[in-house]
């Protein structure tokens, strides 16, 4: 283990939506960095069991859109791991549709899972981070929260909201040693993207200057950087990782 990893051996992390895709890559990377990691998930028990068997990282099931469930779940994790030093808000869903055909449930489901969850989780750990004088919160937004996307008004709104949340809370946490940053991935080779129509997927790739989809581990490395003890001067930032598809000012 490196000197940096050894220095973080006592740190603990929670990754929401952490048993598959980008979340799994993040959880594994943070464990490799020497943190005690717990992953949360909402519904796929089989995938969560396989994840824990494969990685040795415990998985906890609850709905991150439910405030009380977050409070109870985090209390269980902190009983075992101690106070949370790193929180990665990665959980999210899509319920795509053109706005004039989108129903209220599609809107509510995405806002609840993608944005309310950020408040619910962060609200539990932020006071402890402030009290200890150290914390890292990393919110996984999206390229579509920066530029918008037709057929994803709900998702784009939620992911843009995460960016606003990040920039505001960063100002509240900074003087207490708590940094709050966001990562805005582009199109990453995950199950969600793989489910796209092949023609649509090829059109997306054609718009990416580097000529390929991103890899989940590339996002995980971004999280590792922002979660590091040495990243204390970076807060309120939005790190874009989209292969040049959208250049944000």
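Residues in region 175-184 include at least one that is out of contact with any strand residue (DSSP E or B) (no Cβ under 6 Å at 6 or more places or on another chain) and touching a residue at least 40 places away in the same chain (Cβ under 8 Å).
Report yes if residue 47 is touching a residue at least 24 places away in the same chain (Cβ under 8 Å), more than 17 Å from the chain's Cα centre (by Cα), surrounded by 14 or more Cβ atoms within 10 Å (Cβ to Cβ) and farther than 20 Å from residue 178 by Cβ, otherwise no. It is true that residue 47 is touching a residue at least 24 places away in the same chain (Cβ under 8 Å), more than 17 Å from the chain's Cα centre (by Cα), surrounded by 14 or more Cβ atoms within 10 Å (Cβ to Cβ) and farther than 20 Å from residue 178 by Cβ.
Taking residues in region 229-249 that are more than 26 Å from residue 215 (Cβ to Cβ), and partners anywhere that are in a loop (DSSP other than H, G, I, E, B), the pairs with Cβ atoms closer than 8 Å and at least 6 places apart or on different chains are 232/177. Among the residues of region 167-180, those that are surrounded by fewer than 24 Cβ atoms within 10 Å (Cβ to Cβ) and under 18 Å from residue 114 (Cα atoms) comprise 167, 168, 169.
Summed over region 81-107, the residues that are within 27 Å of residue 219 (Cα to Cα) and either assigned to a loop (DSSP other than H, G, I, E, B) or free of Cβ contacts under 8 Å to residues at least 24 places away in the same chain (or both) give a count of 12. Among the residues of region 205-220, those identified as in a helix (DSSP H, G or I) and in contact with a helix residue (DSSP H, G or I) (Cβ under 8 Å, 6 or more places away or on another chain) are 216, 217, 219, 220. Which ones in region 123-166 are surrounded by fewer than 23 Cβ atoms within 10 Å (Cβ to Cβ) and outside any helix (DSSP H, G or I)? Matches in region 123-166: 133, 134, 148, 149, 150, 151, 152.
Apart from one condition, residue 208 fits all of (1) surrounded by fewer than 19 Cβ atoms within 10 Å (Cβ to Cβ); (2) within 18 Å of residue 87 (Cβ to Cβ); (3) in contact with a strand residue (DSSP E or B) (Cβ under 9 Å, 6 or more places away or on another chain); the exception is (2). The single residue among 223, 180 that is touching a helix residue (DSSP H, G or I) at 6+ places or on another chain (Cβ under 6 Å), within 30 Å of residue 132 (Cα to Cα) and not in a strand (DSSP E or B) turns out to be 223.
Just one residue in the set 28, 86, 15, 37 is surrounded by fewer than 23 Cβ atoms within 10 Å (Cβ to Cβ) and within 15 Å of the chain's Cα centre (by Cα); that residue is 28.
Do we find that residue 243 is surrounded by 12 or more Cβ atoms within 10 Å (Cβ to Cβ), part of a loop (DSSP other than H, G, I, E, B) and within 16 Å of the chain's Cα centre (by Cα) in this structure? No: the conditions fail for residue 243. Every condition in (1) surrounded by fewer than 24 Cβ atoms within 10 Å (Cβ to Cβ); (2) in contact (Cβ under 8 Å) with a residue 40 or more places away in the chain; (3) over 17 Å from residue 117 (Cα atoms); (4) under 16 Å from the mean Cα position of the chain (by Cα) is met by residue 42 except one, and the failing one is (3).
Let's see how each residue does on (1) within 18 Å of residue 139 (Cβ to Cβ); (2) in a helix (DSSP H, G or I):
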| site | (1), (2) |
| --- | --- |
| 17 | yes, no |
| 40 | yes, no |
| 48 | no, yes |
| 51 | no, yes |
| 57 | no, no |
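Look at residue 140 and say whether it is under 21 Å from residue 204 (Cα atoms) and touching a helix residue (DSSP H, G or I) at 6+ places or on another chain (Cβ under 6 Å). Against the criterion (under 21 Å from residue 204 (Cα atoms) and touching a helix residue (DSSP H, G or I) at 6+ places or on another chain (Cβ under 6 Å)), residue 140 does not qualify.
Laboratory data are not the source of any read-out in this text; all were calculated from the coordinates shown. The shown structure was predicted, so the numbers you read here are calculated from the model rather than taken from an experiment. Neighbour counts run over all protein chains shown; Cβ positions are idealised from the backbone, glycine included.
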